[in-house]
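Undergrad: Pasting a structure below so you can have a look.
The values are calculated or read from the model by the stated rules, or taken from the named source; none is laboratory data. Predicted model only: the values in this text are computed from it and were never measured. Don't worry about glycine lacking a Cβ; one is built from the backbone with ideal geometry, like all the others, and counts go over all protein chains shown. Quick note on the areas: whole protein, heavy atoms, side chains included, nothing else; ligands and nucleic acids left out. Shrake-Rupley method; radii C 1.70, N 1.55, O 1.52, S 1.80 Å.
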Amino acid sequence: MAKLQVRWFKRRTLTIGPVELEVMNPVADDTIEVSGNVLDSMLTEADKLMRNRKGDFVIIVGETPETKYVIGEGVRDRAGTRQLSALPRRLLKLAVIRLGSLSSVQTEGMAKFSLSSLEWYDAPPDTYIFDGPLKAEDDVEYVVLQLEDGIRIVRAPRLARLLLSLRPPVSQDQGSQGDESEEGEGSSPEE
């Protein structure tokens with residue numbers, strides 16, 4: 001006989017300081033006793049649990065003496081989200097690194113900042129993060145997430161950066177075909 005630990009989460013959008021992100025709050029904890037192969041039992045229980053939903057996301061943990069299995073199952077389309085943690089982890093607080101506090105160095109893609117320039121904000125109790133959208137004010141370059149098991153630093157998406165990366169395709173002039181003076185790369189000369 002094995003025991004499965006089941007935790008349900010409800011998703012919501014939360015603003016902490018200059019950052020808006022999707023968080024999860026635990027809404028139910030259950031223990032299920034199963035017999036037989038732990039992994040097969042977990043998959044069977046996951047199917048049953050998703051039909052009788054208690055929240056938006058469930059984590060099922062089962063252990064054998066050799067292995068710990070973890071299954072996470074959500075209930076809605078997660079397109080356009082970013083992974084913020086490998087598993088749902090409690091968010092203790094977050095900090096932001098603003099553009100004005102960064103100083104460039106000789107190596108491209110590298111910058112220095114002072115630890116004293118971090119702006120820290122406390123998270124509400126029982127706030128977990130896993131995946132989801134993350135938005136920040138335009139002058140925020142990085143968001144530092146202090147989780148229960150470590151720190152994660154993510155680059156903050158800014159509208160200005162997104163607009164620069166979404167350029168429409170360049171239209172090609174179809175009227176210049178056959179004009180030998182405008183042969184481009186990849187065209188073969190006519191003989």
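Undergrad: Looking at region 90-106, which of its residues are at pLDDT 85 or above and open to solvent by 70 Å² or more (accessible area, probe 1.4 Å)? Step through it out loud before you land on a result.
TA: Taking region 90-106 as the starting set, the residues that turn out to be at pLDDT 85 or above are 90-98.
Those that are at pLDDT 85 or above and open to solvent by 70 Å² or more (accessible area, probe 1.4 Å): 90, 92.
Undergrad: Oh, and also: Would you mention how many residues in region 1-27 are of a type in the set (A, V, I, L, M, F, W, C), without any contact (Cβ under 8 Å) to a residue 40 or more places away in the chain and closer than 14 Å to residue 128 by Cα?
TA: 1
Undergrad: Now for a separate question. Tell me which residues, restricted to region 16-66, are charged (D, E, K, R) and more than 12 Å from residue 4 (Cα to Cα). Show your work before the answer.
TA: If we filter region 16-66 for residues that are charged (D, E, K, R), which is where we start, we get 20, 22, 29-30, 33, 40, 45, 47-48, 51, 53-54, 56, 63, 66.
Within region 16-66, 20, 22, 47, 48, 51, 53, 54, 56, 66 meet the criteria.
Undergrad: Right, residue 73: under 26 Å from the mean Cα position of the chain (by Cα) and in a strand (DSSP E or B) or not? Outline the logic, then answer.
TA: Details: under 26 Å from the mean Cα position of the chain (by Cα): yes; in a strand (DSSP E or B): yes.
The answer is yes for residue 73.
Undergrad: Separate question: Can you name every residue in region 8-64 that is open to solvent by less than 30 Å² (accessible area, probe 1.4 Å) and of a type in the set (Gly, Ala, Ser)?
TA: Result: 28, 41, 46, 55, 62.
Undergrad: Could you list all residues from region 22-40 that are over 30 Å from residue 97 (Cβ atoms) and not in a loop (DSSP other than H, G, I, E, B)? Before the answer, list the steps.
TA: If we filter region 22-40 for residues that are over 30 Å from residue 97 (Cβ atoms), which is where we start, we get 27-40.
Of everything in region 22-40, those that are over 30 Å from residue 97 (Cβ atoms) and not in a loop (DSSP other than H, G, I, E, B) turn out to be 27, 28, 29, 30, 31, 32, 33, 34, 38, 39, 40.
Undergrad: Sort out which residues of region 1-21 are over 24 Å from residue 52 (Cβ atoms) and part of a strand (DSSP E or B), and write them in order of number.
TA: As a first pass, look at region 1-21 and keep what is over 24 Å from residue 52 (Cβ atoms): 13-21.
Within region 1-21, 13, 14, 15, 16, 19, 20, 21 meet the criteria.
Undergrad: Turning to a different aspect of this structure: How about region 89-148: which of its residues are small (Gly, Ala, Ser) and assigned to a strand (DSSP E or B)? Show your work before the answer.
TA: If we filter region 89-148 for residues that are small (Gly, Ala, Ser), which is where we start, we get 95, 100-101, 103-104, 109, 111, 114, 116-117, 123, 132, 136.
Answer for region 89-148, where residues must be small (Gly, Ala, Ser) and assigned to a strand (DSSP E or B): 95, 103, 104, 111, 132, 136.
Undergrad: Which of the residues spanning region 17-54 are under 20 Å from residue 88 (Cβ atoms) and touching a Ser or Thr at 6+ places or on another chain (Cβ under 6 Å)?
TA: 22, 23, listed by residue number.
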